[in-house]
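Peer 1: Structure provided below as C-alpha cells; questions to follow.
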Amino acid sequence: MANDGTDKEPKDKKAEKKMVDQKITPLEFEKPLALLAQQIELLEKQIGEGAHPELENDLDRLNQQYDQLKRSLYSNLRGIDHLALARHPQRPYTRDYFGRWDAAWIEMHGDRKGVDDPAMVTGLLRMGDHKVVVCGTQKGRTIHEKKNCNFGMPQPEGYRKALRLFQHAEKFQLPIINLIDTPGAYPGLAAEEHNQAEAIAVNLRELSGLTVPVISVITGEGGSGGALAIGVANRILMLEHSVYSVISPEGCASILWRSADRVADACTAMKMTAREIKQLGVADEVVTEPLGGAHHDPDFAAEKLREALLRHLNELTKMSPKELRKDRQNKFRRLGAFVES
Amino acid sequence: MPMDLKEWFANRRNRQQQAEVKQPLTTEEYCALWTQCFQCRELLYTRDLRENLHVCPKCLYHFRVGAEQRVEQLADPGSFEEIDPNLRSTDPLGFVDSEPYPKRLRDAERKSGLVEALLSGTATMEQNPVALGIMDFGHFGGSMGSVVGEKVARLIEHAEEKRLPLIIFSSSGGARMQEGILSLMQLAKTSSALKSFHDAGLLYISVLTEPTYGGVTASFAMLGDLIIAEPGARVGFAGRRVIEQTIRQKLPADFQTAEYLLSHGQVDMVVERTKLRETLVQLIEFHTKQNKPKSGSSQQTEPVYSR
C-alpha cells in the first residue's frame, strides 16, 4: 500500500552511511561534501587493495573532515538551501510516512461527487493507542506517479475529498493528522472552473469548527493556500528543512524583483524556513530530521515525527470537544502583526 | 438694467481681477473633469460619471471605485460609522525588496489617502442596519495583510454580536507578500471568524468587484451565503497569466469574468452597480424581516413562495 520509492534499510550499520549517501543525489550546495565523499571512497579502495597501509591515518583524517564539513554545512543553511532540501526528489512523501507508521493503514478514496484526486491521499491509520484519520498531499516518485499526482498539486476535488474525511472524523470523533508537502493549488483551467478558491475557503472554515484534535505537519513544501487548506490545526509541526510561504519564492521573485534570478533573496526576505515560521508564532514545533535531511534516513525521520505526533495527540485528546474548537480558533485569531493607535 | 459706459468698464476690470484670483487648471484637474471610458473610449463628463455610480452610460463598463465612494453609493446618508480606523501594519519580517516595506506602506497611504485596504463599519441601507466591509484596490493593490485580516475578523465578530447582516465588498490582488506567512494566516483567521457567524444563522452577502484574486477569494470572498458579482469583474484564485504559462494554452476571452463565473455556478447573480443597492436591500429584508402581510390585507400565516 505504501509507496516504497525510498531506500531499504541497509543491514550493515557501518557500511550504511556511505551507501545511503552515495545513492542520494547531491544538491548544489552539497557538492563539496559529495566531492570529499568521492575522495574517501577512492582512498578506501586503495587501502582495500592493500598497497598503502600507511594511508589509514589519512583516511581517518578525511573521515573526520567529512563529518565536520557535514555538520557545519547543515547548521548554516540559507533559506534557498532549505527549499532545495524540502524539494529533494528522494525526500519521503506522505505515503512513505503512512506506510512506516502503520503498514496496515486503510486508504479511502474520492470526493463522492465524481472525482478521486491522487494528489490528496486520505485514510484511516492506527498510531500508538490512537485511531486517526490521515490526510496528505502526495508528490509522485516515478514520472508516471508524478504526472498522476500532478506534482503534488491537488485539484479542487482533492480538497473536497479531504473535507469529506474531516467530516468523517468529526462524526466518529477521531483525531486528524494532515501531512503537507505541496507547491500549492494547481493554476489550471479546470481547477478555476471547479472553483478551487471556494474549495480551499470552505476547508478553512470547516476545519476551524471541528471538535476533534487536528495536527498538521509541513513535511516538505508548504505552498500558500493549497497548503493551508489542510493546515488549520490545533498544532502545526514543521520538519527541520521544510518551508512554508504565502507564495512560491519564484512567484515572489518575479513579482517583487521582476526577475527569476532573485529566488534566493525572496527565500530570505519571506522568512519561510521552519525555525523562522516558529519564531513568527505560526509553527508550534520544529521536528529534527536526520543530518542532511529526511531522505538520508526515512525510517528515523518517520519515527521522530511519530514520537512528536504521539506527544501532541496525548495532550490534545485530554481536551474537551469544545476546548479543541476554541483552541484552534484562538490560535489563528491571535496571528498577525499590527498596532492600534 | 441701464448701465453707463464707465460702469461697464469698471465691472469688466472687476471681473478680470476676480478671474485672476482663480488659479488655472492643472493637467490633473483638467483630466478630472473628463474621463475616457476604458472600454468604449467614450469621453465622459466626470460629474455625470460619478452620478451614474462610475458606470459608463454608453457601454455599462464598471470603473473601479474607492471604499469611501462605495459607502456613499450604498449607505443611507450619514449613517456610516467606521470601526477600527486606527489599525496599522507593522513590518514583522523586516521585509526589503527594491524598497523597504515601511516605505511602501507610507507611499501607499499617501497615494490612496487610506490607512489600509479595508474600510469597515456599520451603516443602514433603507433603514436596515448592516455591517459593511469594503476593500479598496487603490491601497496596496487591496492586498490582505495582518490589518485587513484583523479588521475583517473584528467586523464579523461585531456583526455576530449585534446580530447584523454582513456585506463585504472584495477587491484584492491577494495576500500581502511583505508580511509573509502572517498574511497567509489571515485566510484562516477570517474564515474561522465566519464559522461562528455562519453557525449563528446570520446572513453574509459577499460582493465580488473588479478584481478579486488569491487569498481573498480563497477565504471570506467565496464564503458568502449569497455571492453577487459586478458585471465584468474578474475574479479567480490564480491569475490569468500564471495559468496560461502553466497550461501553455490560450484561455477564453471571458475567462474569470463575473459572467463566466455565473455560467460556471460560482456566483448567484451578476448585478449592475446601479441596481446593487436595491438588490442588497431586497435580499437583506428577505432574510431578516418577518413575512408579514401588508396592512389592510387579510391575516395570512402561511409563507408565500414566489416563483
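Peer 1: With r defined as the distance between the Cβ atoms of A:E315 and B:Q69 and R0 fixed at 41 Å, what FRET efficiency is calculated, to the nearest 0.05?
Peer 2: Details: r = 51 Å, r/R0 = 1.24.
Step by step, r from the Cβ atoms, then E = 0.20.
Peer 1: Which entries in A:K326/B:K195; A:K322/B:K195; A:K113/A:K139 show an alpha-carbon gap greater than 18 Å?
Peer 2: Too far apart for the 18 Å limit: A:K113/A:K139.
Peer 1: Using θ = phi - 60° and the Karplus curve 6.51 cos²θ - 1.76 cosθ + 1.60, what whole-Hz ³J(HN,Hα) does each residue of segment B:229-236 get, with Gly and Pro shown as x?
Peer 2: Rounded to whole hertz, the list is 10, 7, x, x, 4, 9, 9, x.
Peer 1: Can you give me the distance in nm between label points at B:R163 and B:W8, each placed 7 Å from the Cα along the Cα-to-Cβ direction?
Peer 2: 7.5
Peer 1: Here's a follow-up. What number comes out for the charge environment of A:E56, summing +1 per Lys or Arg and -1 per Asp or Glu over other residues with Cβ under 14 Å away?
Peer 2: Charge balance near A:E56 sits at -3.
Peer 1: Sticking with this structure for a sec: Counting only C-alpha contacts under 8 Å and six or more residues apart, can you give the relative contact order of chain A as a whole percent?
Peer 2: Relative CO of chain A lands at 16 percent.
Peer 1: List the residues whose amide H sits under 5 Å from the amide H of B:A175, counting only those 5 or more places along or on another chain, with H placed 1.01 Å from N in the peptide plane.
Peer 2: HN-HN under 5 Å from B:A175: B:M144, B:G215, B:V216.
Peer 1: Under the rule of at least 5 residues apart or a separate chain, name every residue whose amide H is placed under 5 Å from the amide H of A:M120.
Peer 2: Close amide H contacts, sequence-distant or interchain: A:Q138.
Peer 1: Modelling each spin label as a point 7 Å along the Cα-to-Cβ direction, I'd like the B:R41/A:N148 distance in nm, to one decimal.
Peer 2: 5.5
Peer 1: To continue, here is another question. Which distance in Å, rounded to a whole number, links the C-alpha centroids of segment A:89-162 and segment A:190-239?
Peer 2: Distance between centres, Cα-based: 14 Å.
Peer 1: With only Lys, Arg, Asp and Glu charged, each at its Cβ (+1 for the first two, -1 for the last two), find how big the charge dipole of segment B:65-194 is about the Cα centre; round to the nearest 20 debye.
Peer 2: Approximately 280 debye in magnitude.
Peer 1: For every helix of n ≥ 4 consecutive DSSP H residues, a contribution of -39,500 (n - 2.57) applies; sum these over the protein assembly as shown, divide by its total residues, and give [θ] at 222 nm rounded to the nearest 500 deg cm²/dmol.
Peer 2: Here the helix-only value at 222 nm equals -13000 deg cm²/dmol.
Peer 1: What length, rounded to one decimal in nm, is gained on full extension from A:S259 through to A:F172, with 0.36 nm per residue of separation minus their alpha-carbon distance?
Peer 2: Values: separation 87, 0.36 × 87 = 31.32 nm, distance 4.98 nm.
Gain on stretching A:S259 to A:F172: 26.3 nm.
Peer 1: Going by amide H atoms built from the backbone, whose H comes under 5 Å of the H on A:I218, apart from near neighbours?
Peer 2: Here A:I180, A:L237, A:M238, A:L239 satisfy the definition.
Peer 1: From other protein chains only, count the Cβ atoms within 10 Å of every residue's Cβ in B:212-224, then give the mean.
Peer 2: 5
Peer 1: Continuing with the same structure: What is the Cα coordinate range of chain A on the first, second and third principal axes, sorted by size from largest, in whole angstrom?
Peer 2: 71, 49, 42
Peer 1: Determine ³J(HN,Hα), in whole Hz, for all residues of segment B:64-70 in sequence, where each value follows from phi through the Karplus function 6.51 cos²θ - 1.76 cosθ + 1.60 and θ = phi - 60°; x replaces Gly and Pro.
Peer 2: The phi angles translate into 5, 10, x, 4, 5, 4, 4 Hz.
Peer 1: Moving on. What nm distance separates the two modelled labels at A:D58 and A:D327, each placed 7 Å from Cα along Cα→Cβ?
Peer 2: It is 5.9 nm.
Peer 1: Then there is this: In Å and from the alpha-carbon atoms only, list the Rg and Dmax of the protein assembly as shown.
Peer 2: 29.7, 130
Peer 1: If you take every DSSP beta bridge whose two residues both sit in chain B, what share of them, in percent to the nearest 5, is antiparallel?
Peer 2: On the way: 16 of 34 bridges.
Here the antiparallel bridges make up roughly 45 percent for chain B.
Peer 1: How charged is the neighbourhood of A:R126? Take every other residue with its Cβ under 12 Å from the Cβ of A:R126, and add Lys/Arg as +1 and Asp/Glu as -1.
Peer 2: 0
Peer 1: Additional query: Return the FRET efficiency for the residue pair B:D48, B:M269: r is the Cβ-Cβ distance, R0 is 30 Å, and the value is rounded to the nearest 0.05. If you can, show how the numbers build up before the last one.
Peer 2: Values: r = 27 Å, r/R0 = 0.90.
Here the calculated transfer efficiency is 0.65.
Peer 1: Something else now. Quick one: of the DSSP bridges fully inside the protein assembly as shown, what percent are antiparallel, nearest 5?
Peer 2: Antiparallel bridges make up about 45 percent of those DSSP assigns within the protein assembly as shown.
The numbers here are math on the coordinates, done by the rules we state, and not lab data. Source: prediction; values computed, not measured. Cβ sites come from the backbone with ideal geometry, for glycine too, and all protein chains shown count toward neighbours.
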